[in-house]
Amino acid sequence: MSSRGLSINSGKIINRMENTFKEYYRLSQNELKNLWETGIIVLDTNILLNFYRYSDSTISEFLNVLEKLRERLWLPYQIGREFHEERLDVIQQQIKVYSDSISKIDDIKKDFSNKNRNPFLSDELYAQFSNVLNKVNAELILKKEKYESRLSNDDVLVQISTIFNDRNGQEYIESKIKEIYSTGEKRYKDKIPPGYKDNNKPQNKKFGDLIIWFQLIDKVEEIKKPILYVTDDSKEDWWLIKSGKKLGPRPELRKEFFQKTNQLFYIYQPFKFLEFAKEKLSINIKETTIDEVKELKPINNDRLYQIDNELLISITLEKNSDKHNLDGFINLLESFGYDTHIEKLNELNCKIFILAPNIPDITRRIRTKFVSQIESYGLKLIDFKPEIKGSIN
């Protein structure tokens with residue numbers, strides 16, 4: 001035997017299957033070692049924005065991981081621009097989450113405050129209950145005020161800026177952007193990844209992923225190192241998805257990247273990135289942090305841009321079992337080609353948004369084919385709303 005992918009037969013060197021079609025094979029141990037020891041780490045826009053959605057402890061620990069890996073981080077210009085453009089919107093979303101929760105607490109207090117109508121509570125129990133609600137309300141108000149302060153004095157932005165100082169790329173000139181737009185029209189028509197799933201976005205947004213792709217390639221052509229890309233994007237134009245499971249980056253992406261740079265390109269979800277960083281780089285990371293990152297699947301309003309022939313369906317669920325399999329249910333939806341987005345309402349409840357073609361009978365089909373299976377995943381249906389249409393703001 002010679003090196004990986006080659007064999008010697010009668011004096012001739014013959015390509016083995018995994019060498020000719022390496023983009024379809026798992027990384028070898030040497031490739032994996034090289035990726036994690038030398039690869040440039042790039043965080044997608046959604047990962048940076050998630051730092052406004054995590055708990056304080058997870059923000060601190062995740063940023064500490066990035067600080068330890070700072071010399072290997074790189075921020076493509078397009079990702080940096082998207083982050084700065086969307087940051088305030090995400091903060092406003094979080095403020096609304098706390099405002100809505102405070103309103104719910106107020107409604108509960110009002111429901112039990114009238115002693116002359118149902119539901120009745122004893123004075124002692126009501127006093128205890130009211131005390132708990134007041135404490136919850138006070139903490140929610142403090143959290144809301146902290147997010148409001150970030151609109152003008154953003155501690156998260158300061159930390160991210162410090163970590164990525166001198167680690168960011170340059171903007172493409174206008175002629176280069178126009179060239180990518182032209183190339184993108186052809187690629188999207190032929191469904192060449194990445195980015196074609198964004199084809200229905202406005203002109204100034206639909207080529208964002210493709211610009212990132214070319215900026216990654218340009219960077220690697222310069223530094224000659226592999227790319228470890230971390231993203232919460234779940235679309236098929238980045239991932240190879242089979243039976244609802246993400247098996248790795250699209251083979252077409254791995255092949256194009258290697259052909260242009262002679263280097264590896266690989267993708268990880270953020271919780272997997274933390275798990276591997278803990279295992280392969282011996283970075284101390286709490287399991288609770290990894291679990292929170294895994295559970296968070298926020299809505300990206302920009303990705304929910306709608307056109308006339310699409311319908312937005314929301315399914316509100318409750319985790320009805322300690323052995324619930326929310327990921328399995330989401331994978332089921334995505335295995336049939338539906339684009340899903342998750343909003344975590346609280347520890348028990350979440351809302352799944354499904355982008356579906358607005359065609360006759362689609363609501364009944366989704367309800368019959370998928371909603372009927374919810375209980376088998378350890379979940380309970382709370383609400384099903386197919387009537388929401390149009391763009392989400």
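The values are calculated or read from the model by the stated rules, or taken from the named source; none is laboratory data. Everything numeric in this text was worked out from a predicted model, so none of it was measured. Every residue, glycine among them, receives a Cβ derived from its backbone with ideal geometry; neighbour counts consider all protein chains shown. In case anyone asks, the SASA skips ligands and DNA or RNA and just uses the protein heavy atoms, side chains included. Shrake-Rupley method; radii C 1.70, N 1.55, O 1.52, S 1.80 Å.
At a glance:
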read-out	value
Criterion: part of a helix (DSSP H, G or I) and surrounded by 14 or more Cβ atoms within 10 Å (Cβ to Cβ) - qualifying residue of L125, L133, L121, L142	L133
Qualifying residue in the stretch 91-100 (condition: under 23 Å from K144 (Cβ atoms), hydroxyl-bearing (S, T, Y), touching a helix residue (DSSP H, G or I) at 6+ places or on another chain (Cβ under 9 Å) and modelled with pLDDT under 95)	yes
Where E179 falls short, out of the listed (1) at pLDDT below 95; (2) over 24 Å from the mean Cα position of the chain (by Cα)	(1)
Positions within the stretch 38-62 being charged (D, E, K, R) and without any contact (Cβ under 8 Å) to a residue 12 or more places away in the chain, in sequence order	D56
Residue list for the stretch 332-346, restricted to those being modelled with pLDDT of 80 or more and touching a Gly at 6+ places or on another chain (Cβ under 9 Å)	L332, L333
Some residue of the stretch 74-89 being modelled with pLDDT under 95 and exposed (fewer than 13 other Cβ atoms within 10 Å of the Cβ)	yes
Residue check, V158 open to solvent by 60 Å² or more (accessible area, probe 1.4 Å), under 27 Å from D233 (Cα atoms) and either in a helix (DSSP H, G or I) or in contact with a Phe, Trp or Tyr (Cβ under 6 Å, 6 or more places away or on another chain) (or both)	yes
Count of residues meeting criterion [touching a Leu at 6+ places or on another chain (Cβ under 7 Å), among the aliphatic types (A, V, I, L, M) and at pLDDT 80 or above] in the stretch 363-393	5
Per-region count, the stretch 318-366, residues within 19 Å of the chain's Cα centre (by Cα), in a loop (DSSP other than H, G, I, E, B) and over 17 Å from E292 (Cα atoms)	2
Residue in the stretch 100-111 that is over 30 Å from E171 (Cβ atoms), touching a Ser or Thr at 6+ places or on another chain (Cβ under 9 Å), in a helix (DSSP H, G or I) and not β-branched (V, I, T) present	yes
Top-ranked residue of the stretch 163-186 - restricted to ones that are of a type in the set (A, V, I, L, M) and surrounded by 10 or more Cβ atoms within 10 Å (Cβ to Cβ), ranked as farthest from E221 (Cα to Cα)	I163
Listing of helices (runs of 4 or more DSSP H) fully contained in the stretch 11-70 that carry 1 or more residues being open to solvent by less than 70 Å² (accessible area, probe 1.4 Å) and β-branched (V, I, T)	29-38, 45-50, 56-68
